[in-house]
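The values are calculated or read from the model by the stated rules, or taken from the named source; none is laboratory data. Remember, predicted model here, so these are calculated numbers, not experimental data. So basically every Cβ, Gly included, is an ideal-geometry build from the backbone, and we count neighbours across all protein chains shown. Heads up: the accessible areas ignore ligands, DNA and RNA and are worked out on the full protein's heavy atoms, side chains in. Shrake-Rupley method; radii C 1.70, N 1.55, O 1.52, S 1.80 Å.
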Amino acid sequence: MRASRSHLPATGDVDALLRLVAACRAPAHLPSLRAAHARLLLLLHPSHPSAAPARVKLIQAYAACSALPAAHAVLESSCPLDRGGTTTTAVCFNVLIRALTAASLHRDALRLFVSMRPRGPACFPDHYTYPLALKSCAASKELLLGLQIHSAVAKLGLDANRYVAHSAISMYARCGRPEDAYRVFDGMQHRDVVSWNAMISGFARAGLFERAVEVFKEFVALQCSIPDAGTMASILPAMGNAKAEDILFVRKAFDEMQFKELISWNAMLAIYANNGYHVKAVELFLRMEKDGIGVKPDSVTLATVLPPCGELSAFSVGKRIHENIKRKMMLPNLLLENALLDMYANCGCLKDAREVFDSMSARDVISWTSIISAYGKHGHGREAVDLFEKMLGQGLEPDSIAFVAVLAACSHAGLLDVGKRYFGSMTSRYHITPKAEHYTCMVDLLGRAGCISEAYDFITTMPIEPNERVWGALLQACRIHSNMDIGVVAADSLFRLVPEQTGYYVLLSNMYARAGRWADVTSVRSVMANKGIKKLPGASIVELGDRVHTFHIGDRYHPQSEMIYQKLDELLGRIRGMGYNPEVEATLHDVEEEDKEGHLSVHSEKLAIAFLLINTSPGTPIRVTMNLRTCGDCHFAAKLISTITSREIILKDTNRIHHI
DNA sequence: GTAGGGTTAG
């Protein structure tokens with residue numbers, strides 16, 4: 001049968017027509033739907049028992065086919081299907097409002113909602129309508145209307161309805177009234193898992209993270225019902241900068257869930273990813289692939305786990321995910337493509353990142369920011385700036401983060417004037433208020449270029465309070481350019497601002513020492529001793545197969561430890577003959593005092609390199625990621641090792657990616 | 001023949 005004829009069902013069978021209507025779920029089905037609708041108009045008299053259900057089905061079908069005006073027309077027509085209006089119940093309104101909320105058209109949903117009551121008793125909102133209306137109030141921050149609805153609901157005695165209560169909790173919390181939300185929650189006679197989820201999510205969305213975690217814990221302890229995927233997703237926004245014990249607690253609840261739905265896995269992955277537990281995130285993802293019962297990673301899963309892959313330079317896991325994405329034909333998908341591009345860039349594979357970027361059919365500011373930042377971190381500042389200009393040429397508006405990327409690129413490439421110009425255009429042309437990150441970039445840019453006093457003046461005149469990163473950038477610049485006077489000011493500010501921040505201590509005490517301020521040196525050291533502060537242990541991470549291996553300074557815990565040290569001895573012996581001398585290197589590169597001690601044992605990046613040389617075949621690039629900035633000694637050693645072994649070494653530290 | 005909480009990239 002030809003397609004055009006299939007649009008005109010020549011049947012008088014109302015049930016068959018209704019089945020046809022119900023099967024129309026996509027815009028492609030619209031012609032069939034219109035034909036069936038026309039036929040129904042001829043067949044159904046208002047008295048027909050199927051008239052009212054037919055209208056509901058028609059509205060649903062039009063909505064499912066993204067034909068909301070048509071759905072609305074069915075609702076509004078005092079049509080032959082239902083002339084009397086007595087069966088024009090609220091149901092049709094509810095279905096259409098539901099379709100509007102699903103399409104995030106909350107204003108339209110609310111407009112339709114307020115039009116119901118004036119149309120008479122048959123159209124009065126009911127216990128199905130109120131939750132939808134409250135949801136739209138929550139989404140559009142309509143506290144006033146929300147309050148009106150909630151009090152109307154109470155007068156009708158519908159506030160005991162759990163659906164109404166849950167949406168009221170959510171509405172209050174999202175409209176900035178978490179205490180009112182809690183009052184509704186507290187007043188409920190019987191709470192089910194959704195009640196708890198609504199309250200957890202409510203506190204989380206209102207920014208009351210500790211309260212959210214408290215309620216989560218109380219819920220788990222109560223054991224009257226068990227957390228589900230909704231609970232996991234609700235607690236997630238409250239776990240942005242979570243305590244280790246809270247993450248453990250959530251993980252335990254996750255482990256105890258009998259049926260782990262996709263969203264539970266995704267939420268647990270996101271909690272790890274958002275808290276810097278990159279290894280845990282990748283491990284959990286691999287476990288999900290292996291033992292996740294009935295779950296298949298979706299685009300959310302992959303977009304969540306790709307950033308940790310990038311952080312760890314887990315290239316082979318990332319690459320495999322990319323292949324799966326291609327095989328499952330999940331592209332084009334902006335979210336995934338952006339995540340892939342960034343993953344490759346962070347794994348040190350600028351070429352692959354560029355390939356993803358070039359292959360994209362559409363690019364947004366995030367895509368451009370990722371590629372700009374990739375070129376910047378790989379030391380190609382000039383290209384990064386060209387890309388930024390190209391983005392502007394395409395008519396895309398840079399946002400705050402795009403400016404961080406381009407300013408950082410300018411700073412890496414020493415493009416002082418370009419950076420200054422961009423910083424100026426941020427406010428003058430794009431009306432973006434610079435944040436601490438932007439000021440840090442500018443201080444870094446000025447400082448590296450040797451304009452220390454200008455950088456200092458910049459800090460003293462900036463409109464927001466300089467944070468420790470801003471002072472840290474200045475201190476670093478003072479160290480490079482040996483500016484004691486300003487360096488000491490930066491050190492003082494840092495010491496005052498973040499006495500517990502360990503990362504700067506070595507830099508700080510050296511600065512005081514060089515300025516001859518021995519009392520301050522002693523005081524920094526005693527603070528370190530008193531607080532039991534140890535330097536952040538230097539760690540290097542490498543990926544081998546599906547496993548991630550971590551090495552610490554002087555590490556002897558690895559099963560292959562003996563082989564690694566043997567290999568390293570052999571390598572160091574060979575490169576000594578090429579002019580490598582650790583002691584001399586240490587002095588030349590002004591290695592910090594504790595790093596000198598470190599030379600007695602062995603820096604983690606050397607162990608990691610030796611480990612990969614043993615375990616990979618010749619020609620395989622060596623990728624190492626570290627949690628600190630690499631020292632000059634290791635950089636030089638890596639360079640020589642790269643020469644004698646003919647291996648490409650990609651060393652990623654906290655600041656940039658070194659291709660050796 | 002309808003309703004509540006909830007995951008994603010720079």
Quiz item: Which residue, of A:Ser225, A:Ser136, A:Ser195, A:Ser170, is assigned to a loop (DSSP other than H, G, I, E, B) and of a type outside the set (D, E, K, R)?
Solution: A:Ser225
Quiz prompt | Criterion violated by A:Ala608 - all others in (1) surrounded by fewer than 22 Cβ atoms within 10 Å (Cβ to Cβ); (2) assigned to a helix (DSSP H, G or I); (3) of a type in the set (Gly, Ala, Ser) satisfied | solution = (1)
Quiz prompt | Looking only at segment A:228-256, and only at residues there that are open to solvent by less than 30 Å² (accessible area, probe 1.4 Å) and over 16 Å from A:Val194 (Cβ atoms), the one that is farthest from DNA strand B (Cβ to nearest atom) | solution = A:Asp246
Self-check item: Scope segment A:267-310; condition in contact with a strand residue (DSSP E or B) (Cβ under 7 Å, 6 or more places away or on another chain) and open to solvent by 10 Å² or more (accessible area, probe 1.4 Å); matching residues
Solution: A:Val279
Quiz prompt | Unmet criterion (only one of (1) modelled with pLDDT under 95; (2) of a type outside the set (A, V, I, L, M); (3) within 10 Å of DNA strand B (Cβ to nearest atom)) for A:Asp291 | solution = (3)
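For the condition in contact (Cβ under 8 Å) with a residue 24 or more places away in the chain, within 26 Å of A:Asn627 (Cβ to Cβ) and open to solvent by less than 70 Å² (accessible area, probe 1.4 Å), what is the one hit in A:Ala449, A:Ala473?
A:Ala473
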Exercise. Kindly provide the set of residues from segment A:481-502 that are in a helix (DSSP H, G or I), more than 33 Å from the chain's Cα centre (by Cα) and surrounded by fewer than 13 Cβ atoms within 10 Å (Cβ to Cβ), ordered by number.
Key: A:Asp485
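Every residue, every condition in (1) modelled with pLDDT under 85; (2) in a helix (DSSP H, G or I), yes or no:
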{"position": "A:Val591", "(1), (2)": "yes, no"}
{"position": "A:Leu600", "(1), (2)": "yes, no"}
{"position": "A:Leu613", "(1), (2)": "yes, yes"}
{"position": "A:Ala637", "(1), (2)": "yes, yes"}
{"position": "A:Arg647", "(1), (2)": "no, no"}
Quiz item: With respect to A:Ser66, is the statement that it is open to solvent by 50 Å² or more (accessible area, probe 1.4 Å), on the phi > 0 side of the Ramachandran plot and away from DNA strand B (no atom under 11 Å from the Cβ) true?
Solution: yes
Exercise. Could you please find all residues in segment A:538-573 being crowded, with 16+ Cβ neighbours inside 10 Å and either part of a helix (DSSP H, G or I) or of a type in the set (D, E, K, R) (or both)?
Key: A:Glu543, A:Asp555, A:Ile564, A:Tyr565, A:Lys567, A:Leu568, A:Leu571, A:Leu572
Quiz item: Out of segment A:241-291, which residues are among the aliphatic types (A, V, I, L, M) and not in a helix (DSSP H, G or I)?
Solution: A:Ala242, A:Met257
Practice problem: Hey, could you check segment A:84-114 for residues that are closer than 20 Å to A:Met171 by Cβ and of a type in the set (Ser, Thr, Tyr) and say which is most open to solvent (accessible area, probe 1.4 Å)? | Solution: A:Ser104
Quiz item: Within the set of pairs 6+ apart or on separate chains, which have a first residue in segment A:198-222 that is charged (D, E, K, R), a second that is open to solvent by less than 70 Å² (accessible area, probe 1.4 Å), and C-beta atoms under 7 Å apart?
Solution: A:Arg205/A:Ala173; A:Arg205/A:Pro237; A:Arg211/A:Phe203; A:Lys217/A:Phe249
Quiz prompt | Enumeration of residues in segment A:144-163 that are in a loop (DSSP other than H, G, I, E, B) and either more than 11 Å from DNA strand B (Cβ to nearest atom) or open to solvent by 50 Å² or more (accessible area, probe 1.4 Å) (or both) | solution = A:Leu156, A:Gly157
Practice problem: Please go through segment A:16-34 and pick out each residue that is free of Cβ contacts under 8 Å to residues at least 24 places away in the same chain and closer than 13 Å to A:Ser50 by Cβ. | Solution: A:Ala16, A:Arg19
Exercise. Look at A:His412 and say whether it is outside the structural domain of A:Asp653 (by TED's automatic domain parsing), in contact (Cβ under 8 Å) with a residue 40 or more places away in the chain and either out of contact with any His (no Cβ under 6 Å at 6 or more places or on another chain) or within 20 Å of A:Met426 (Cβ to Cβ) (or both).
Key: yes
